[in-house]
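Here the structure comes first, spelled out in structure tokens, and everything after it is commentary.
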Amino acid sequence: MFLRPDLVLTSVEQLTPDVLAHQGIRGLLLDLDNTLIPPKCGLNPPESVLAWLDVMRASGVAMVVVSNNKRDVYVREAGERLGLPAIAYAAKPFGPGLKTGLQQLQLLPQQVAVVGDKPLTDIWGGVSLGCKTVLVRSQRAAACLEPGWMRFLRRLERLILTPDAQAKSAMY
């Protein structure tokens, strides 16, 4: 099914170079808000994410941030703090952002994984490109509550993820 991820993880930091190498993955298209940094809480990525990015870089994994966030300045500054190229207003799942990110990686779709927190944008977009997909749990900060419509969508998306899809995390 087009919304089923190849891998489900609690956090992006659980994705290791060994897991990627085993799958033939050499590049990542990374969602920004809720995946790499908590939303609407400034541009301070968690230290654990910064350390994870360093491990990925040291392993030769190419990465690009691809965000649906329309605030270009915010996405660009976040990319600078993360040390990654960043694409704003990607219009996932079908907009040009993921394709642009894939072109920047200069890799084939089967060599790339799309990593994000939303099945309806990140996973669907990755599958439509022919990439592997990794769903991570949304990062949330207590001071940064999501709007009600977003919480509703997250509940709806969880219904899509059966125990079979969630069990895939044990396969890698």
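Values as computed for the structure displayed
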{"read-out": "Neighbour net charge for GLY125 - beta-carbon separation under 10 angstrom, K R +1, D E -1", "value": "+1"}
{"read-out": "HN-Hα J in Hz across region 79-95 - Karplus 6.51, -1.76, 1.60, θ = phi - 60°, x for Gly and Pro", "value": "x, 5, 5, 7, x, 10, x, 9, 10, 9, 6, 6, 6, 5, x, 10, x"}
{"read-out": "Principal axis box of region 1-137, alpha-carbon based, largest edge first, Å", "value": "34, 30, 27"}
{"read-out": "Accessible-area order (highest first, 1.4 angstrom probe) of the listed residues SER59, SER11", "value": "SER59, SER11"}
{"read-out": "Cα-centre dipole for region 19-147 with unit charges at Cβ (Lys and Arg positive, Asp and Glu negative), debye to 20", "value": "200 debye"}
{"read-out": "Probe 1.4 Å - accessible area at TRP124, Å² to nearest ten", "value": "80 Å²"}
{"read-out": "Cut-off under 5 Å, modelled amide H: who pairs with MET63 long-range", "value": "LEU28"}
{"read-out": "Whole-percent carbon and sulfur share, accessible surface of region 1-51, 1.4 Å", "value": "55 percent"}
{"read-out": "Distance (nanometres) between label positions extended 7 Å along Cα→Cβ at VAL55 and TYR89", "value": "3.6 nm"}
{"read-out": "Phi to ³J(HN,Hα) by Karplus 6.51 cos²θ - 1.76 cosθ + 1.60 over region 102-117, Hz, x for Gly, Pro", "value": "4, 5, 5, 6, 6, 10, 6, x, 6, 9, 10, 10, 9, 10, x, 9"}
{"read-out": "In Hz, Karplus ³J(HN,Hα) per residue of region 121-130 (6.51, -1.76, 1.60; θ = phi - 60°; x = Gly, Pro)", "value": "10, 5, 5, 4, x, x, 4, 5, 8, x"}
{"read-out": "Under-5 Å amide H pairs with VAL114, H placed in peptide plane, nonlocal only", "value": "LEU29, LYS132, THR133, VAL134"}
{"read-out": "For region 52-114, accessible area per residue (1.4 Å probe, heavy atoms of protein chains only), Å²", "value": "50 Å²"}
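The values are calculated or read from the model by the stated rules, or taken from the named source; none is laboratory data. From a predicted model like this one, the values you see are computed outputs, not experimental measurements. Note that we place each Cβ from the backbone using ideal geometry, even for glycine, and neighbour counts take in every protein chain shown. Protein only, heavy atoms only, side chains kept; ligands, DNA and RNA dropped before computing areas. Shrake-Rupley method; radii C 1.70, N 1.55, O 1.52, S 1.80 Å.
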